[in-house]
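Peer 1: My questions all concern the structure below.
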Ligand SMILES: [Zn+2]
């Protein structure tokens, strides 16, 4: 082996790099690690890779500054003896990088979690709002129940208490839900003793207290808004919530909300209370109320009544139309009088139903939450109350001849400035609207005839529904179910049946 040293204290070795000889020069004070790096760099391999040097005899040569020298003709071969080993610095660097990566990932995770938390919080807030409203309603219901209990306990008439309890239990089973003002359900069985519940008629009825009216807002299309003003409006294609929205629109459109300074939420509550105080009769129900009010609205537009009547008069017409059959029991005045019902006794056989409708209307208005007239002056309220009562009472067909005769008399020299003439005109308007089904298109008016006949029939034979109609309906439903079952079985059999052509194969 030749000398690799020099006068400057440098040393050198020769490496065989795939047949090419590479000289590596290093100082005498060079460290082993540095020398290792120099050799690796010369060979173009990772400094961390463990290597061995092999001489021409195949012997392993130690890699350190004091290693044996070689010559250009006897170069060392480099053998990799393992995978690259990270240096401490590299390890630290790698750890730092992985920590940074983790931190960045964690930052992203935090952002994702923050977004998720935000959406969950928003959802929880929504639920909290909904639950809060429920709690408010529950609380109000509790207060109502407490007030009723107090009323019962303070009522001196024990019979009255038991009757009131019975009345409340009937209400709680009512399929329509909600609260009602009925003090007189007029079931034929309860009519035999009209004096029994007279005292109970004085109790203050419950009101549907809801902070936010329950019916969802129905957005009226321009087409519907236009159709609402026509007598051809098809009243059968609307659900209750939609009819409520239509009524709400009418009150806004006629300027009554601004004229009477009505809180829009109170208007919603009032409409809801009106709806809930119509019973589920075949004819005298909320849809009939809607029909009459819609016809009144249509007549106001068609006849330009806004030019003739004051806004207050228009309000009287619309409120009276909406309330004119409130809590109608489905039995007419003749029945009330003949059966000596609570209403007939209370109102001395004089328009008992109409008096009751008007009374219920003002019971609803006596509750602040449903009082759409809370924004008018005392004088205006008195005027509106008088007007609404007059109009509702005028819907009693027993007074038809009398009202028509007056109107005919006034027509000879009608004076729009004469309050009496105008009062009779308003009476005629509500009377016309009340029986206006016949002027609607046949497909709209005809179903009402069936409804009227059904209600009349049930009035004549109050037990008929229970004893005959209900069992017949049940039987019909049962046979319809059997028929459907039979049809399904037949279809299944024919589907399961293997075609004849397949058998031959
Ligand atoms: Zn009516």
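The values are calculated or read from the model by the stated rules, or taken from the named source; none is laboratory data. Please read these numbers as outputs of a predicted model, since none were measured by experiment. Heads up, the Cβs are rebuilt from the backbone with ideal geometry, glycines too, and the neighbour counts pull from every protein chain shown.
Peer 1: Would you be able to say whether some residue in region 201-217 is modelled with pLDDT under 90, under 30 Å from residue 344 (Cβ atoms) and outside any loop (DSSP other than H, G, I, E, B)?
Peer 2: The answer is yes; a qualifying residue exists.
Peer 1: Read through the list (1) under 26 Å from residue 267 (Cβ atoms); (2) assigned to a helix (DSSP H, G or I); (3) within 16 Å of the ligand (Cβ to nearest atom), then give the number of the only condition that residue 381 fails.
Peer 2: (3)
Peer 1: Across region 322-344, what is the number of residues that are without any contact (Cβ under 8 Å) to a residue 60 or more places away in the chain, in contact with a helix residue (DSSP H, G or I) (Cβ under 7 Å, 6 or more places away or on another chain) and more than 16 Å from the ligand (Cβ to nearest atom)?
Peer 2: 1
Peer 1: Could I ask something else about it? Only one of (1) more than 16 Å from the ligand (Cβ to nearest atom); (2) outside any helix (DSSP H, G or I) is not met by residue 395, so which one is it?
Peer 2: Of the numbered conditions (1) more than 16 Å from the ligand (Cβ to nearest atom); (2) outside any helix (DSSP H, G or I), the odd one out for residue 395 is (1).
Residues checked against (1) modelled with pLDDT of 95 or more; (2) closer than 21 Å to residue 312 by Cα; (3) surrounded by fewer than 20 Cβ atoms within 10 Å (Cβ to Cβ):
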position	(1), (2), (3)
338	no, no, yes
342	no, no, no
347	yes, no, yes
356	yes, no, no
363	yes, yes, no
382	yes, yes, yes
386	yes, yes, yes
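Peer 1: Okay, moving on. If a residue has to be touching a residue at least 40 places away in the same chain (Cβ under 8 Å), more than 12 Å from the ligand (Cβ to nearest atom) and within 40 Å of the chain's Cα centre (by Cα) to count, how many in region 345-360 make the cut?
Peer 2: Residues meeting the conditions: 2.
Peer 1: Another question about this same structure. Which of the residues that make up region 308-335 are modelled with pLDDT under 95, assigned to a helix (DSSP H, G or I) and under 40 Å from the mean Cα position of the chain (by Cα)?
Peer 2: Within region 308-335, just 333 meets the criteria.
Peer 1: Which of the residues spanning region 275-293 are within 13 Å of the ligand (Cβ to nearest atom) and assigned to a helix (DSSP H, G or I)?
Peer 2: Residues satisfying the conditions are 286, 287, 288, 289, 290, 291, 292, 293.
Peer 1: Is there any pair linking a residue in region 427-443 that is more than 23 Å from residue 358 (Cβ to Cβ) to one that is more than 15 Å from the ligand (Cβ to nearest atom), with Cβ under 8 Å and at least six apart or on different chains, and which?
Peer 2: These pairs meet every condition: 439/231; 440/231; 440/232; 440/233; 441/232; 441/234; 443/234.
Peer 1: Could you grab me the full set of residues in region 405-422 that are touching a residue at least 12 places away in the same chain (Cβ under 8 Å), over 44 Å from the mean Cα position of the chain (by Cα) and part of a helix (DSSP H, G or I)?
Peer 2: Just the residues of region 405-422 that are touching a residue at least 12 places away in the same chain (Cβ under 8 Å), to begin with: 406-407, 410, 416, 422.
Going one step further and asking which of them are over 44 Å from the mean Cα position of the chain (by Cα), we end up with 406-407, 410, 416.
Those that are touching a residue at least 12 places away in the same chain (Cβ under 8 Å), over 44 Å from the mean Cα position of the chain (by Cα) and part of a helix (DSSP H, G or I): 406, 407, 410.
Peer 1: If I ask for residues that are at pLDDT below 60, over 30 Å from residue 333 (Cα atoms) and assigned to a helix (DSSP H, G or I), which ones from region 455-505 would you list?
Peer 2: Scanning region 455-505 gives 500, 501, 502, 503.
Peer 1: Could you tell me how many of the residues in region 427-441 are in a helix (DSSP H, G or I) and either under 35 Å from the mean Cα position of the chain (by Cα) or buried (at least 21 other Cβ atoms within 10 Å of the Cβ) (or both)?
Peer 2: 8
Peer 1: In region 24-55, which residues are assigned to a strand (DSSP E or B), closer than 13 Å to residue 78 by Cβ and without any contact (Cβ under 8 Å) to a residue 24 or more places away in the chain?
Peer 2: Residue satisfying the conditions is 24 alone.
Peer 1: Out of curiosity, is residue 21 in a helix (DSSP H, G or I), touching a strand residue (DSSP E or B) at 6+ places or on another chain (Cβ under 8 Å) and closer than 16 Å to residue 77 by Cβ?
Peer 2: no
Peer 1: Can you tell me which residue within region 426-443, out of those that are out of contact with any helix residue (DSSP H, G or I) (no Cβ under 6 Å at 6 or more places or on another chain) and within 15 Å of residue 283 (Cβ to Cβ), is nearest to the ligand (Cβ to nearest atom)?
Peer 2: So, considering only residues that are out of contact with any helix residue (DSSP H, G or I) (no Cβ under 6 Å at 6 or more places or on another chain) and within 15 Å of residue 283 (Cβ to Cβ), the one nearest to the ligand (Cβ to nearest atom) is 435.
Peer 1: Only one of these is in a helix (DSSP H, G or I), more than 16 Å from the ligand (Cβ to nearest atom) and modelled with pLDDT under 95: 300, 265. Name it.
Peer 2: Selected residue: 265, the only one of 300, 265 that is in a helix (DSSP H, G or I), more than 16 Å from the ligand (Cβ to nearest atom) and modelled with pLDDT under 95.
Peer 1: Still on this model: Scanning region 289-304 for residues that are without any contact (Cβ under 8 Å) to a residue 40 or more places away in the chain and more than 15 Å from residue 439 (Cβ to Cβ), which turns out nearest to the chain's Cα centre (by Cα)?
Peer 2: Checked region 289-304; the qualifying residue nearest to the chain's Cα centre (by Cα) is 289.
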